[in-house]
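Some notes on the structure that comes next.
The values are calculated or read from the model by the stated rules, or taken from the named source; none is laboratory data. For clarity, every value in this text was computed on a predicted model and none was experimentally measured. Positions of Cβ are backbone-derived with ideal geometry, glycine not excepted, and every protein chain shown enters the neighbour counts.
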Amino acid sequence: MKKFLDILEYVIIGLIGILMIICVYNLTGSYTQMIIIRIAITMLHMLVVAAIIMYIATKESRKYK
């Protein structure tokens, strides 16, 4: 469970970083803003999927020990 919490911590830090980037680009406000937000959303999805995969992997590995 500790490993999962560590992963979650990294995901949360990543989310905060992405949100900060979005906020900065909202202040400048331009066409690139939409592209940045799209990239951020895809990154979020990838992070979530990676976290789920890692969680399942740790559960599975514990089962066979």
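Exactly one residue out of Tyr55, Tyr31 is of a type in the set (Ser, Thr, Tyr) and modelled with pLDDT of 75 or more, and it is Tyr55. Contact annotation: no residue pair with Cβ atoms under 7 Å, 6 or more positions apart or on different chains, pairs a residue in the stretch 45-65 that is part of a helix (DSSP H, G or I) with a partner that is exposed (fewer than 11 other Cβ atoms within 10 Å of the Cβ).
Taking the condition assigned to a helix (DSSP H, G or I), exposed (fewer than 12 other Cβ atoms within 10 Å of the Cβ), among the aliphatic types (A, V, I, L, M) and modelled with pLDDT of 75 or more, does Ile13 pass?
Spelling it out, Ile13 is indeed assigned to a helix (DSSP H, G or I), exposed (fewer than 12 other Cβ atoms within 10 Å of the Cβ), among the aliphatic types (A, V, I, L, M) and modelled with pLDDT of 75 or more.
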